[in-house]
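Working notes for the structure below.
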Amino acid sequence: IMGAFMGKKYPLKKYINVCLIVAGVGLFMGGGSSKGKKGGDGDGDGDDGLSASSQAFGILLLFISLCFDGGTGAYEDKLMSVHSVGPFDLMYNIQLGKTILAGVGLLVFNQVHLFIQMCQEMGFLLVALGLSGAMGQVFIFVTISKFGALTCSIIGLARKVTTLVASIYFYGHELNGTQFTG
């Protein structure tokens, strides 16, 4: 949808697919029963209002996050197609910007010593995390350059749904009819 706001045109079939995905996620997330959740003692002391407001706030934050994610993907797609920016050039410049912002943040908040200590204690794990993150970024940027931001988002959603289904299967979570329909 953010791509459409930025001037990108999609076939009607893609809009229908996105609406079906959103409806399915909405049914799954909103169809759960709160009586089986841990943390509430069921004594009716008003905790439901707090959890409902917390859930609404969480949904709002999720909506904002997805809007920024969609906008970012559409903007990257536009940069690659209109301005002929290659995926690796774009990836390099984005990571350079993140590095500069993180360095400024370390300096402003006086956290450089903690960063150096963490690097000394967990160097190998940080290198492994960096390499796996870089490989993921390569796949994301190549997918955006070859197939577009919408396809990349759908692939990411498929990965998340696969993880969710595996979690339901392996941990024995129960779904009600509404959640199963979603």
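The stretch between S81 and V165 holds 26.7 nm of extra length on full extension. This uses 0.36 nm per residue minus the Cα-Cα distance. Considering helices alone, the calculated mean residue ellipticity of the chain at 222 nm is -27000 deg cm²/dmol, with DSSP H runs of length four and up weighted by -39500 (n - 2.57) and normalised per residue.
Surface composition of the chain: carbon plus sulfur atoms hold 70% of the accessible area, using a 1.4 angstrom probe and ignoring ligands, DNA and RNA. Comparing mean-square fluctuations of L150, L20, L114 from a GNM of the chain with C-alpha springs under 10 Å, the top value falls on L114.
Here the Gaussian network model covers the chain, with springs between Cα atoms less than 10 Å apart; of D89, D69, D77, D89 fluctuates the most. Projecting the Cα positions of F88, H173, F147 onto the charge dipole of segment 64-182 (unit charges on Cβ atoms of Lys, Arg, Asp and Glu, taken about the Cα centre) puts F147 furthest along the positive direction. Restricting attention to the chain, lysine pairs at least eight places apart or on different chains and with alpha-carbon atoms under 29 angstrom apart total 22. The simple Förster model, with R0 at 30 Å and r as the Cβ-Cβ distance, assigns A52 and F109 a FRET efficiency of 0.30. For the chain, modelled as a GNM whose springs connect Cα atoms under 10 angstrom apart, the maximal fluctuation among M135, M91, M122 occurs at M122. In the chain, which helices (entire DSSP H runs) extend 24 Å or more along their own long axis, judged by Cα positions, while averaging at least 0.5 on the Kyte-Doolittle scale? Correct list, ordered by number: 12-30, 47-82, 87-108, 123-147, 149-171. Looking at segment 84-116, the chymotrypsin sites (Phe, Trp or Tyr not before Pro) that sit in a DSSP loop and have at most 12 other Cβ atoms within 10 Å of their own Cβ are F109. The computed P(r) over Cα pairs in 5 Å bins from 0, in percent for the structure shown corresponds, within (1) 1, 8, 13, 16, 16, 15, 12, 9, 5, 2, 1, 0, 0; (2) 1, 6, 10, 14, 14, 13, 14, 13, 10, 5, 1, 0, 0; (3) 1, 8, 16, 19, 19, 16, 12, 6, 2, 0, 0, to (2).
The values are calculated or read from the model by the stated rules, or taken from the named source; none is laboratory data. This is a predicted model, so every value here is computed, not measured. Glycine gets a Cβ as well: all are built from the backbone with ideal geometry, and neighbour counts include every protein chain shown. Ligands, DNA and RNA are excluded from the accessible area calculation, which covers all protein heavy atoms including side chains. Shrake-Rupley method; radii C 1.70, N 1.55, O 1.52, S 1.80 Å.
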